[in-house]
1. Divide the volume of the convex hull of the Cα atoms of the range 398-440 by its number of residues and quote the answer in cubic angstrom per residue.
2. Mind checking which of 423, 437, 408 is farthest towards the positive end of the range 398-440's charge dipole, using Cβ charges of +1 (Lys, Arg) and -1 (Asp, Glu) about the Cα centre?
3. What is the extension gain from residue 324 to residue 281, computed as 0.36 nm multiplied by their sequence separation minus the C-alpha to C-alpha distance, in nm to one decimal?
4. Which FRET efficiency value, to the nearest 0.05, is calculated for residue 164 and residue 270 with the Förster distance at 60 angstrom and r the Cβ-Cβ distance?
5. If you put +1 on each Lys and Arg Cβ and -1 on each Asp and Glu Cβ, how big is the dipole of the range 398-440 around its Cα centre, in Debye rounded to 20?
6. In whole Å, how far is the Cα centre of the range 321-370 from that of the range 172-226?
7. How much net charge surrounds residue 434 when only the other residues with a Cβ under 15 Å from the Cβ of residue 434 are counted, with Lys and Arg +1 and Asp and Glu -1?
8. Let me check I've understood the local charge: for residue 421, count other residues with C-beta under 13 angstrom from its C-beta, Lys and Arg +1, Asp and Glu -1. What total comes out?
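Only the coordinates and a few stated rules stand behind these numbers; no lab work does. All of these numbers come straight from a predicted model, not from anything done at the bench. When we count neighbours, we look across all protein chains shown, and the Cβ atoms used for this are built from the backbone with ideal geometry, even at glycine.
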Amino acid sequence: MQSRHALAGPVFIALAVMTVFLIPWPEARLDAQEPLADYVALYSKGDYANAYEAIRKRLLAIYDTRVENRRVPTDFITAKKLEERVNINDLFRNRVAEGFFIERNIELYTLHLDAARCLFRLERLDESLNHYGQSLRFKELEPEKDDVILLEIADVYKKRGDNEAYARALEAAYSLNPRNYEYSLRLGTALYRTAEKKRAIFHLERYLQWKGDRVEDPGLYLMIGNLNEDIGRYLETVRYYREYLAAKPGDGYIHFALGHLAFTRTGDFDLARRSFDRALELLPESEIFRRSKAYEYTADMAMKDLDFEKAIRLYGETIVFQDRIKKLLEEKDREIEKLSSDIRGVKTSLMKKPDFDTYNQYEFFLEEESRLRLERRERLYSYSKLHAGRVRWNIAECSERLGRLDDAMRYYRECIAFDYNSSRARDRIVKIQLKISRGY
């Protein structure tokens, strides 16, 4: 028999071998922590996918050890014992509401926040929002510091196209740090096309007051002016349009808008005349509609001032632009008629001999015809807004006031042709003819 001392050697060796397999090497433990140490470097290199994967592994490792708020599985318990252990009524009576904020844990906060940023770069926006929400559960927000997180959340909503949520997130960031006036700029811009006109005005004006004379974008004055016009504050609109034109004096379109506002809303005829004159200097010749309306409104003011000679001259300029649009309509009608003839020819050819290339040409002609008809409708609408009949009626009245009875009858006849106050125009013609026949 072998002695106990003889057996001690092999037993010791076996235990040593088992220890080698049971205890992990230090290098293996370091590998488990390696993703956490490297994800910052991966993120800085732009490798967001691998950075997120490293963060995810670390989060899983942490949550696997957090069992305080997790239920013990009860699948292995028999149904009878389960009934004895779980009382639904007691669970319902003793339920406790828990707040959104769970605990202060900087590591989990940082991991979720960095995961959200990685996912945002990867355009996985819903998952990014989820991690942003999780990060806020592990840290109390600090004023004038953590508003950056809410701004990042707002950017996620903006990229998703959710403008309402984008504005709400910006409001939250602004409430956390009102000293950051850039939030007011972004909020005012976000609310510009919503029903929240007054809130948009408040934030944009607040930003302009902060900038003072250092405003880089004069378009902000224009935005505030438009918002004030939407809510009926026309004097404020005039003020901000003037601020804009002080920085951009060569914008003929805004000169026209200011003139229209002064003429139709505030009754400032002097400002309206100056604005329309400046608009006529700056607007391109191709801008037929606005140039025609500028002459028409200026003529209306001259007529109100009983300056009939000037009114007739300005109304005559309006008619020139009306005739140009009418000529364009006639040209468009000829184009449509020619294209319709081509379509009929191609269709006839297809009916006799089906051909793929001919069919493509037929489809192209149909699309082109639709485009031309749309352009014609737009020009016809513009022509109707020029009030051709009303302009001729006013010229006729001015001519009658000046004793130019032949001119008055001619323009009254044109009113009949345009179907504008036709019955009254006929009565005026009869009275003028009687006046001419009587000699007074």
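1. 58 Å³
2. Positive-most Cα among the choices belongs to 437.
3. 13.6 nm
4. Computed FRET efficiency for residue 164 and residue 270: 0.85.
5. 200 debye
6. What the calculation gives is 50 Å, centre to centre.
7. Details: positive: 426, 428, 431, 435, 438; negative: 400, 406, 427.
Its environment carries a net charge of +2.
8. +2
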